[in-house]
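A short write-up of the structure that comes next.
The values are calculated or read from the model by the stated rules, or taken from the named source; none is laboratory data. None of these values were measured; they are calculated from a predicted model.
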Amino acid sequence: MGVYRIVLPDASMASLMNTLEQIADFSSDVEDDVNSSTAADKSRREYVKERQAMANAAVDVKETPTSYEFVADVPGLSGENVKVHVENGNTLVISGKRRRDASASAAEENGEKKQFKYLRMERRVGKFVRRFTLPEDAELDKIGAQCRNGLLTVTVPKIPPREPEKPKVIDIQIS
């Protein structure tokens, strides 16, 4: 990628260009960290991978009158590959691991050699994690989840609102 210096007469535009150059330098540093193979850079690579994993699963969040629903895209995964739990009292965590090819992984574990090679790999693989803070009216003991046709649906029921207390009426007899 070539870097071209632009001469701008306005000082505010020059400041904007400096900021854009810093952003471009940062993105190339991140790429270098991911592609680096030294042991010293391992923690930085792990951090970048974790940050990418956080955005790996698209999730829609819906509110109905009786519940909150989290619908996550998990194509090709079954319920065994996905984990749903609540941590720290009110944080819903959806995580899992997507593997490249189950038959290829099984063959490698048995010492067999692959009989194919990839010409193009576009499907994302690896870990994914999404965290959501649940509202106070979430009923944590009754959370349910189901995985069908590549969609994971987590239903968090709401605690029914308390009925307002009716004012106490005392009839007084008039004599």
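Where residues in the range 127-139 are within 18 Å of G79 (Cα to Cα) and not basic (K, R), which of them is modelled with the lowest pLDDT?
F128
What about R123, is it among the basic types (K, R) and outside any loop (DSSP other than H, G, I, E, B)? Spell out how you get there, then give the answer.
Working: among the basic types (K, R): yes; outside any loop (DSSP other than H, G, I, E, B): no.
Taking the combined requirement at face value, the residue does not satisfy it.
Listed here are the residues, each with its yes/no results for (1) modelled with pLDDT of 80 or more; (2) aliphatic (A, V, I, L, M).
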site	(1), (2)
G96	yes, no
A104	no, yes
K117	yes, no
D141	yes, no
N149	yes, no
L152	yes, yes
V156	yes, yes
